[in-house]
Every structure is written in structure tokens, then in C-alpha cells.
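Okay, so here's the structure we're looking at.
The values are calculated or read from the model by the stated rules, or taken from the named source; none is laboratory data. Treat the numbers as computed from the prediction; the structure is a model and nothing was measured. For neighbour counting, all protein chains shown are included, and Cβ atoms are generated from backbone atoms with ideal geometry for every residue, glycine included. Accessible surface areas use protein heavy atoms only, side chains included; no ligands, DNA or RNA. Shrake-Rupley method; radii C 1.70, N 1.55, O 1.52, S 1.80 Å.
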Amino acid sequence: PQILSFIVIAGRISISLIPMTSLVGNKATAARRLTALASHLSSVRHASSLKGSKTAWVMKNLSEVDCGESTSPRSLHGKTLFITGASRGIGLAIGLRAAREGANVAIAAKTITPHPKLPGTIFTAAEEINKAGGRGLALEVDVRDESSVQNAVDACVKEFGGIDILINNASAISLTPTEATDMKRYDLMHHINTRGTFLCSKVCLPHLKKSANAVRLSLMTIGLCLI
């Protein structure tokens with residue numbers, strides 16, 4: 001599996017395929033590195049300030065950034081993160097890492113009642129954010145639905161005054177070969193991974209433009225076997 005990363009800096013897009021192995025083993029470590037990367041990116045005002053390949057720069061920071069409590073010259077204190085799919089897993093771990101620096105974290109996800117097999121809801125996640133030192137906001141969101149996304153973004157802006165960092169973390173995956181993948185599952189992956197990412201980016205963009213150091217970071221796990 002790989003993470004397809006779309007990094008947008010000053011309106012320019014850098015696209016790279018990042019092997020999961022580069023994120024080192026577990027979700028918590030991956031989350032710390034990705035959060036640190038987002039924080040690093042927030043200090044870059046212009047794409048021209050990056051020398052050489054932006055993709056190479058992103059890869060360098062993913063592999064070399066320190067996983068300590070604070071790795072960025074600019075703190076996330078008071079910054080607002082809108083994270084999709086953050087009720088559990090990597091999304092929640094990113095939110096908790098940011099919360100330890102005093103960030104505002106909008107938990108934008110679907111789970112409002114406990115899942116029989118998966119831990120966490122948007123409410124338990126927001127509570128964890130608060131306990132970690134940040135300000136959590138539970139938002140029920142289906143990234144496939146335009147009005148749902150718009151309402152969540154509006155609620156986030158009303159609560160925190162804006163959005164500085166958008167992390168498109170929500171995704172669907174199918175670890176099946178082509179012949180065994182039904183079109184309903186295929187459509188679900190594209191509606192969430194592609195359309196959902198575009199929709200959240202589109203709706204958040206007016207607010208990101210108002211931020212002094214905006215970041216848009218999209219994560220996508222590609223697990224469909226093509227053979």
C-alpha cells in the first residue's frame with residue numbers, strides 16, 4: 001500500500017506516491033510525522049522558497065523529521081485543523097499530536113454511535129482532543145455529501161473563527177484483486193477518496209485563503225490490486 005499525497009503550496013500542486021514503509025511501522029508514528037510535515041508546510045509562504053523538487057522536499061521531511069513533542073519552528077497553538085475521518089486511527093492520532101501544542105481540532109467524521117468492531121466516535125475523539133490540551137469539535141460529516149461538508153465547515157469556522165489546516169484523511173479501501181472487486185465498492189472508494197477530497201478542499205479553500213499560513217494535506221491509501 002502507498003499514500004498518494006497531494007501537497008498544495010501557493011496554488012501549485014506537488015503529487016507523490018509515498019510507500020507506507022517510509023512512515024515507520026505504526027499509526028502513531030505516521031501521524032506524528034504527517035502532523036509535523038503539515039506544520040513545516042505552514043511556515044512556507046511561497047513555493048519559490050523551496051529549492052529543487054517539491055516532491056523530494058516532502059519526502060525528505062517525511063523521512064527525517066524528528067518525532068518529538070515539537071518539531072516545527074512555528075507552533076500549532078491556536079491553529080485550527082479540519083480533519084476528515086478523525087474519529088479513530090491516523091486521523092485521530094494527527095489531531096492528538098496537534099492538540100498537544102494547543103491546536104483547535106475539528107473531528108469531521110461519520111461515526112456518532114459506537115461501531116461494533118471499530119473504536120471511537122466523533123464525540124469520544126473530541127473528548128480526547130480536549131484532554132490532550134487542544135479544543136475539540138465533533139462534527140458529523142459524510143464527505144460524499146456537499147451540504148454535509150458545507151455545514152461542517154461553517155460550524156468549524158463559527159466555533160474557531162477560521163481554518164488554517166485541512167487534512168483530507170477520510171478514505172475507503174478494498175484489498176481485493178480487480179476481478180473480486182464489485183463496482184459498488186469501487187464507486188465508494190472514488191466517491192470518498194477522490195470526490196470527497198476534492199469537495200472538502202473546495203469548501204475549505206475560501207477559509208484557507210484567509211489564513212496567514214494555510215496548509216492542505218491529503219492522504220490516501222491505495223489498496224486495490226490491479227492484477
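Filter segment 84-112 down to the residues that are part of a loop (DSSP other than H, G, I, E, B) and closer than 14 Å to A170 by Cβ, then identify the one that is modelled with the lowest pLDDT.
R88
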How many of the residues making up segment 178-194 are in contact (Cβ under 8 Å) with a residue 40 or more places away in the chain, farther than 17 Å from I122 by Cβ and open to solvent by less than 60 Å² (accessible area, probe 1.4 Å)?
1
Any idea how many residues of segment 199-209 are surrounded by fewer than 14 Cβ atoms within 10 Å (Cβ to Cβ) and assigned to a helix (DSSP H, G or I)?
2
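Matching residues to (1) open to solvent by less than 30 Å² (accessible area, probe 1.4 Å); (2) more than 28 Å from L205 (Cβ to Cβ); (3) in a loop (DSSP other than H, G, I, E, B):
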{"position": "P114", "(1), (2), (3)": "no, yes, yes"}
{"position": "L118", "(1), (2), (3)": "no, yes, yes"}
{"position": "L139", "(1), (2), (3)": "yes, no, no"}
{"position": "D142", "(1), (2), (3)": "no, no, yes"}
{"position": "S148", "(1), (2), (3)": "yes, no, no"}
{"position": "A152", "(1), (2), (3)": "yes, no, no"}
{"position": "C156", "(1), (2), (3)": "yes, no, no"}
{"position": "L166", "(1), (2), (3)": "yes, no, no"}
{"position": "A172", "(1), (2), (3)": "yes, no, yes"}
